[in-house]
Amino acid sequence: MDATPNFIQAALISHANAPGYPQTIGSPALRQAMRVWASTVLGATGKFDLLPSIGSKEVVAHLPAQLEAQSVLYPSIAYPTYLVGAILAKAQHQTVAHDSNSWPTADLVWINSPANPTGRISPRAELEGVISYSRRTGAVIASDECYFNFPASVTGPQPISILQVANGENKNLLALHSLSKRSNFAGYRGGMIIGDPALIAKIREIRKHAGLLVPAPVQAAMVAALGDELHVHEQAERYARRRETLRPALESVNFAIEDSDAGLYIWCTRGERDFDSVASLAEKGILVTPGSFYGVAGARHIRVALTATDEEIAATAARLLG
């Protein structure tokens, strides 16, 4: 991972004297920073509320139980914790395709754009269909948007928040965001839940009693991070350069790149078993993730991370091209 920007480190350090309990809802400064960011960056409008979270993984793991969901849908190729959260809640669970017209009725639906591991960006029309499904069935939509800040290029497809598409009608909609990727904040554990005020109120009450509190120094660091977009653009440019370094190198050894329009990964296939691809690359000293970790639909793909240093990415490309 790349370094946490110095100004964020400084904000954490300057608020290290924090003997009191932090606020579950976030400090006034953090609530203001989150609201401004949601409005200006995500395009959220209408009535919405916000909560800081301990990163986003804990939200994914606990949200089905917190909402008392009895049935959960999630993408067929997806982050494994969507399934784990449903299991922890003892909820029925089912994978679904992107087209919401084919979805059965459920209490909670996870969508993920840009997606991990594929880097796929959901188009506006698809998100409009998801919102229509929610309004028709009453399902809660949890939109995991943690890779929102990292399109593959400024000229290609651009991520859209479900809160922008909702045009201010935010009932039953939640968007999850994390500073882990945006600000190289993973070790700090800071994220946000944004959306329907009624849902946020229910989640807030549970989080208060469960002790799911973001530490005060981390809240201060979040304020600093959310107040600056320059470091985010710089990080996005790093990932874009690394992607353009690795893409032709992978193609040179017969990998076809699929999706990969955003995020921190390249999703690719040679049409062989994922573990055969993993073994072949391991012989060159290159470690990648088998696609089957994200569901059986990914069993002939691999995920290649862009989180190594520029030097390591260049060395990887040289090994492939050599």
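What size of dipole, in debye to the nearest 20, comes out for the range 6-228 about its Cα centre when the only charges are +1 on Lys and Arg C-beta atoms and -1 on Asp and Glu C-beta atoms?
Numbers: 17 positive and 13 negative charges, 60 e Å.
The calculation lands at about 280 debye.
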Task: Descending principal axes extents, the range 231-321, alpha-carbon based, whole Å - done: 38, 26, 17
Open item on the list: What is the sum of charges, Lys and Arg at +1 and Asp and Glu at -1, for the other residues whose Cβ falls under 10 Å from the Cβ of residue 111?
Closed with: -3
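What order do you get for 102-114, 25-37 when each peptide is scored by the mean count of other beta carbon atoms within 10 Å, highest first?
On the way: 102-114: 20.8, 25-37: 18.1.
Ranking, from highest mean packing down: 102-114, 25-37.
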Task: Listed residue (109, 268, 21) projecting farthest to the positive dipole end of the chain, Cβ model - done: 21
Task: Mean Kyte hydropathy of -0.5 or more with a Cα span along the axis of at least 18 Å, helices from DSSP in the chain - done: 197-210
Task: Taking only Cα atoms of the range 45-87, radius of gyration then Dmax in Å - done: 12.0, 34
- [ ] Any chance you could count the Lys pairs in the chain whose alpha carbons are under 17 Å apart, treating pairs 8 or more apart or on different chains as valid?
- [x] 4
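Between residue 296 and residue 234, what is 0.36 nm times their sequence separation minus the Cα-Cα distance? Round to one decimal in nm. Mind showing how you got there, number by number?
Details: separation 62, 0.36 × 62 = 22.32 nm, distance 3.53 nm.
Net length gain for the segment: 18.8 nm.
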Task: Paramagnetic reach from residue 13 (point 7 Å along Cα→Cβ, amide N under 12 Å) across the range 226-264 - done: none
Task: residue 310/residue 23 FRET efficiency (R0 45 Å; Cβ-Cβ; nearest 0.05) - done: 0.70
- [ ] Please sort 284-295, 75-86 by packing, taking for each peptide the average over its residues of neighbouring beta carbons within 10 angstrom, highest first.
- [x] 75-86, 284-295
- [ ] Starting at the first residue of the range 256-268, write each ³J(HN,Hα) from the Karplus equation 6.51 cos²θ - 1.76 cosθ + 1.60 with θ = phi - 60°, in whole Hz, x for Gly and Pro.
- [x] 9, 7, 10, 6, 6, 8, 6, x, 10, 9, 10, 10, 8
Task: Burial ranking of peptide ranges 9-22, 149-162 (average Cβ count within 10 Å, highest at the top) - done: 149-162, 9-22
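Among DSSP bridges having both ends in the chain, what percentage is antiparallel? Round to the nearest 5.
Numbers: 20 of 36 bridges.
Taking every DSSP beta bridge with both residues in the chain, the antiparallel ones total about 55 percent.
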Open item on the list: Calculate the FRET efficiency for residue 40 and residue 128 from the Cβ-Cβ distance with a Förster distance of 35 Å, rounded to the nearest 0.05.
Closed with: 0.95
- [ ] Give the span of the range 6-228's Cα atoms along each principal axis, as three whole-Å numbers ordered largest to smallest.
- [x] 52, 44, 31
TODO: With N denoting the number of residues in the range 1-97, provide Rg(C-alpha) divided by 2.2 N^0.38 Å, to two decimal places.
DONE: 1.39
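Under the rule of -39500 (n - 2.57) per DSSP H run of 4 or more residues, summed and divided by the residues of the chain, what mean residue ellipticity at 222 nm is obtained, to the nearest 500 deg cm²/dmol? Before the final figure, lay out each step's value.
On the way: 12 runs with 128 residues, N = 322.
Helix-only estimate at 222 nm: -12000 deg cm²/dmol.
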TODO: Can you bin the range 107-229 into rounded, prolate or oblate? Criterion: square roots of the alpha carbon gyration tensor eigenvalues sorted a ≥ b ≥ c, rounded for a/c under 1.5, prolate for a/b above b/c, oblate for the rest.
DONE: oblate
TODO: Express in whole angstrom the spacing between the alpha-carbon centres of the range 30-83 and the range 197-263.
DONE: 13 Å
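Throughout, read-outs are computed from the coordinates displayed, never taken from laboratory work. Quick caveat, the model's predicted, so the values are computed rather than measured. Glycine also receives a Cβ, built like all others from the backbone with ideal geometry; neighbour counts cover every protein chain displayed.
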